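For reference, the structure is listed below as structure tokens.
Any read-out appearing in this document is the output of simple, stated calculations on the displayed coordinates, not a laboratory observation. The structure displayed is predicted, hence computed values, not measured ones. All Cβ positions, even for glycine, are placed from backbone atoms using ideal geometry, and neighbour counts span all protein chains on display.
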Amino acid sequence: MATCLVTGGAGFLGSHLCDELLRRGHHVVCVDNLETGSLHNIEHIRVPEFEFLQLDIVQPYFVERPIDVVYHLASPASPIDYLRLPLHTLKVGSHGTHHTLGLAKRHRARFLLASTSEVYGDPQVHPQKESYWGHVNPIGPRGVYDEAKRYAEALTMAYHRQQGVDTAIIRIFNTYGPRMRPHDGRAIPTFMRQALQNRSITVFGDGSQTRSFCYVDDLIRGMIALSESGQHHPINIGNPHEFTLLQLAHEVIEVTGSSSEIIFEALPTDDPQVRQPDITLARDLLGWGPEIELREGLQRTLEASGADALVGRGGA
Ligand code: NAD
């Protein structure tokens, strides 16, 4: 049994990680400033093995009890959030990651950075392997997120090489599931909200751009497998099954039994045309692969959340 610190633990992925770590018998210290997360995501956790600390990791912070593993997830993650919070996003990736790596060093803890497929930027290589260095626009509006994560990866490797911290880096591809916010701007919660209200589903561009969607339970299983491995280099975790946005819209309409029609809107700046992980390393080094395909994951999201939460009524 370990004591795990989860930064961003009141967010979408962080709260599912807290649930799973507790289920496996670990103690969890959850740190969050509630900037994009919510107490609603963790209010069901009422066990003495769980502790919540409301603090901003951009400022130096300390945890007294011994920590064995640090999962560093705190960061705005949805374009709607990081475009609203550009400087905060850069500071969380830089100062926040410095402070959290320093904490891991003091506690001699294993440290896992939640990075992102966005470090690949424009996917000139398809699917994306970890060896692809990426093609990011540093000065575009999305640069604040992509470059913050690239800096956080460089910092993590520097703490590993120079300071001897036991680090790992997970490159997360699009993940979905219960507790996504209905208005967070990402495709699945947006389409589900629109479909459940029988409103028009807004697809950007002509809908031919592709994404690969990983169900949250698969992602969390991969994240814990990586933290429990001895790996230090980045590893992709995501579902390689690729869908066009138009296919996704049709899947959502079927799962929700909606009568929505599909309409098309302008593509956002620097929106990648394709996004698909090569998960050979995860399969070979961690024995990990996704188990829940899109249709089933959408059904589980609908059942676990309930229609009210997905359209933004009654919390979450
Ligand atoms: P989220 O916005 O739901 O969670 C992020 C959490 O971090 C929130 O609870 C927020 O309040 C907290 N936070 C932000 N700034 C903070 C600060 N200064 N101090 C303390 N807490 C702070 O997003 P998510 O989707 O759960 O993403 C979690 C992590 O996974 C992020 O690092 C994100 O970049 C990464 N990621 C997510 C996805 C995805 O598909 N969800 C894809 C790639 C990478």
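When each of the peptides 300-311, 43-54, 4-15 is scored by how many other beta carbons lie within 10 Å of its residues on average, the order from highest to lowest is 4-15, 300-311, 43-54.
Fewest neighbouring Cβ atoms within 10 Å first, the residues VAL255, VAL28, VAL69 line up as VAL255, VAL69, VAL28.
Using the rule -39500 (n - 2.57) for each DSSP H run of four or more residues, divided by the residues of the chain, the 222 nm mean residue ellipticity is -10000 deg cm²/dmol.
Distances between placed amide hydrogens fall under 5 Å for THR116 paired with ILE172, all partners being 5 or more residues away or on another chain. Only aspartates and glutamates eight or more places from LYS91 in sequence, or on another chain, were considered; those with a Cα closer than 16 Å are ASP32, GLU35, ASP56, ASP81, ASP146, GLU147, GLU153. Counting only residues at least eight positions apart within a chain, or on another chain, the aspartates and glutamates with an alpha carbon under 14 Å from that of LYS129 are GLU118, ASP278, ASP284. The charge dipole of the chain, taken about its Cα centre with unit charges on the Cβ of Lys, Arg, Asp and Glu (plus for the first two, minus for the last two), comes to roughly 640 debye. Remark: the range 54-119 carries a charge dipole of roughly 240 debye about the Cα centre, counting +1 on each Lys and Arg Cβ and -1 on each Asp and Glu Cβ. When the GluC sites (Glu not before Pro) in the range 178-271 are filtered for DSSP coil states and for at most 16 other beta-carbon atoms within 10 Å of their beta-carbon, the remaining sites are GLU228, GLU261.
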